[in-house]
Every structure is written in C-alpha cells, then in structure tokens.
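Note sheet for the following structure.
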Amino acid sequence: MALSLDDLPEKPAPAEPVSAPVGRRVQASLVFARGGGTTVLSRQVVPYPFHITRAFRMHPESPDLATLYLQSASGGLYAADHLTLDIAARPGARVHVTTQAGTVVHRGGPEPTRQDTRLAIAADAFLALNPDPLILFPGAHLAVSTDITAEPGARAIVTESVACHDPIGQDRPFDRLDLGLTIRTPEGRALVRERSRIDGSAFVGPASPMGGHRAYGTMVVLGAPEDARLAGPLLRQASDTAGCLTGVSVLPNGAGLGLRLLAPDGGTLSAGMEAVFRIVFEALSGCGPGRRRK
C-alpha cells in the first residue's frame with residue numbers, strides 16, 4: 001500500500017538554541033576644559049542609562065574647581081551590559097567627579113557585565129574620580145577596566161571599590177570579579193599594568209585572600225606633591241580609624257601612589273575611602289572635597 005506524504009509522521013521541530021543575554025552597549029563622554037577663569041563641561045555625550053548633574057561650585061576658596069555627580073537611571077548594571085565612560089581633563093581644568101550612591105551589579109551570566117573607564121588628563125589638570133562602591137549581588141559576573149593616560153604634570157585621584165550583598169541575607173556569593181588597571185604616557189608607554197580575578201566562592205570562602213573582609217577598595221594618586229600628609233603611616237591611620245585595613249605603596253616607574261583597603265562591609269569601606277580621599281584631595285587641590293548631601 002502506498003503512503004502519501006500526509007501519512008508520514010511529523011519530525012519534531014528542532015529545539016531553539018538558548019541565547020545568551022544581550023546587554024546594553026553604551027558609551028558616555030565628558031570633556032572638562034578651562035574657560036572664563038573656571039572649569040567648564042565643554043562637551044558631553046550622556047546616553048541612557050548614564051545621567052549627570054550640572055557642575056556644582058562647592059569651594060568658595062577655589063571657585064575654578066567643579067564638582068559633578070554621575071547617576072544611573074536604570075537601577076544598576078545588568079547581565080552582559082558593556083558600559084564605557086570616557087573623561088578628559090584639558091590643560092588647567094580642575095574637576096571632582098563622584099556619585100550619589102553605590103551601584104548595584106545584578107546577577108549575570110556567561111558573558112560578564114563590563115564597566116570600562118578611560119581617563120585622559122592633561123598637564124596642569126586635576127581630576128578626582130571617586131565613585132561609591134559597586135555592590136555585587138549574588139551571581140554577579142563583573143569585569144572592570146580602568147585606563148589612565150596622564151601627561152607629565154597631571155594630577156589625579158582615581159578610586160574603585162566593591163562590596164558583596166545578598167538581599168535575602170543568605171551570604172550567597174557573586175559569580176566572578178575581574179579588575180584591570182593601566183596607567184600610560186601619552187605616547188602609549190605603560191607605566192603600570194595590573195590584572196586580578198577572583199571567583200565569588202573564593203572571595204567569601206574560608207581560605208579567602210580577603211580573610212574575613214567582604215569589601216575591597218583601591219586608590220591611585222598621580223602627580224602628588226611632596227606633602228607630609230601623604231606619608232603612608234598617616235594615610236593608614238586615617239583609614240584604620242574608620243575600621244579598614246590599609247596598605248600604601250609607591251607605584252612602578254614613578255607613576256604615583258597606590259592604596260588598597262579592606263573592610264568588613266561596604267559602609268565601613270566607604271568611610272575609610274572617604275577619610276583617605278579627603279586627605280589626598282586637600283594635598284593635591286588645596287581645599288577639601290565638597291560634597292552634597294546624599
């Protein structure tokens with residue numbers, strides 16, 4: 001008996017491949033320049049989810065120093081996001097860029113959530129970049145890269161910090177954290193290269209290189225003057241008083257100073273970073289950092 005095509009069993013439809021999450025690919029750019037005797041934001045490209053305030057004048061004794069707040073309009077960083085922030089400080093510009101709160105890094109996937117920061121600092125410019133900590137939620141997979149190009153005579157303070165948090169209090173770890181730092185000359189010669197990677201289970205495990213600490217911060221200081229306030233023991237004392245464990249060292253190739261801070265939690269880390277930042281900021285800028293109420 002002949003069979004028609006209608007009599008043949010249907011082949012099961014092929015399973016659709018499971019695709020990795022597609023995150024946002026966004027690049028923001030800020031350019032600060034000297035103009036009219038002060039520092040102005042001369043160019044800005046700030047697409048969603050980036051958001052900025054206007055430049056505030058918080059230093060009566062240094063009216064040329066501008067303070068600008070970065071904000072997120074989306075509730076944090078999400079799986080497979082790739083956000084890039086470029087900041088340029090032109091000759092003579094003096095600027096402090098900070099945030100109003102920590103940034104949550106949500107659960108990720110195989111592709112890391114990426115946050116790249118690229119800084120270009122001209123001679124006779126001052127740039128302080130000290131965002132609040134990145135808060136790593138359970139399952140977060142984060143890769144952070146900071147690339148600094150500094151001309152001779154440039155001054156800068158660049159901080160970076162991370163802390164763990166489980167909203168339901170079960171101490172579930174993040175997935176993975178990658179950190180990268182490069183400091184280079186305008187000709188492209190690398191003065192400092194640093195790379196580190198740690199899995200969340202190792203970060204919070206009994207053999208963790210962090211010991212019992214659950215928050216970590218770094219600070220890079222470029223172009224620091226000869227100032228007794230920048231001596232290692234004084235900086236360590238300021239941070240230790242806030243409850244942090246602190247190390248201070250000279251960066252390779254005469255690039256500047258490097259600080260590392262460990263703390264039991266994000267709040268303690270923020271207090272220690274703020275104490276050290278205030279001392280270094282005053283030494284490099286001649287005044288204390290102005291801060292709006294958060």
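Only the coordinates and a few stated rules stand behind these numbers; no lab work does. Owing to the predicted nature of the structure, the values given are computational and were not obtained by experimental measurement. Every residue, glycine as well, gets a Cβ built from its backbone with ideal geometry; the counts of neighbours run over all protein chains shown.
Couple of notes before you dig in:
- In this structure, the amide hydrogen of Val104, modeled 1.01 Å from its nitrogen in the peptide plane, lies closer than 5 angstrom to those of Leu77, Ile135, counting only residues at least 5 positions away or on a different chain.
- From helices alone, the chain scores -3500 deg cm²/dmol at 222 nm; the rule is -39500 (n - 2.57) for each run of n ≥ 4 DSSP H residues, then divide by the residue total.
- Between the helical axis of 232-241 and the longest alpha-carbon principal axis of the chain there is an angle of about 60 degrees.
- Extension gain for Thr84 to Ser145 (0.36 nm times residue separation, less C-alpha to C-alpha distance): 21.0 nm.
- Residue-count net charge about Gly200 - beta-carbon cut-off 13 Å; Lys, Arg +1, Asp, Glu -1: 0
- Simple spin-label estimate for Ser196 and Arg184 in nanometres, 7 Å along Cα-Cβ: 2.3 nm
- Which label in (i) 157; (ii) 187; (iii) 196 gives the computed volume of the Cα convex hull per residue in Å³: (iii)
- Ordering of 199-208, 96-105 by packing [mean C-beta count within 10 Å, highest first]: 96-105, 199-208
- Angle in degrees between helix 266-285 and the longest Cα principal axis of the chain, rounded to the nearest 10: 40 degrees
- Taken about its Cα centre, the chain carries a charge dipole of roughly 920 debye when the Cβ of each Lys and Arg holds +1 and the Cβ of each Asp and Glu holds -1.
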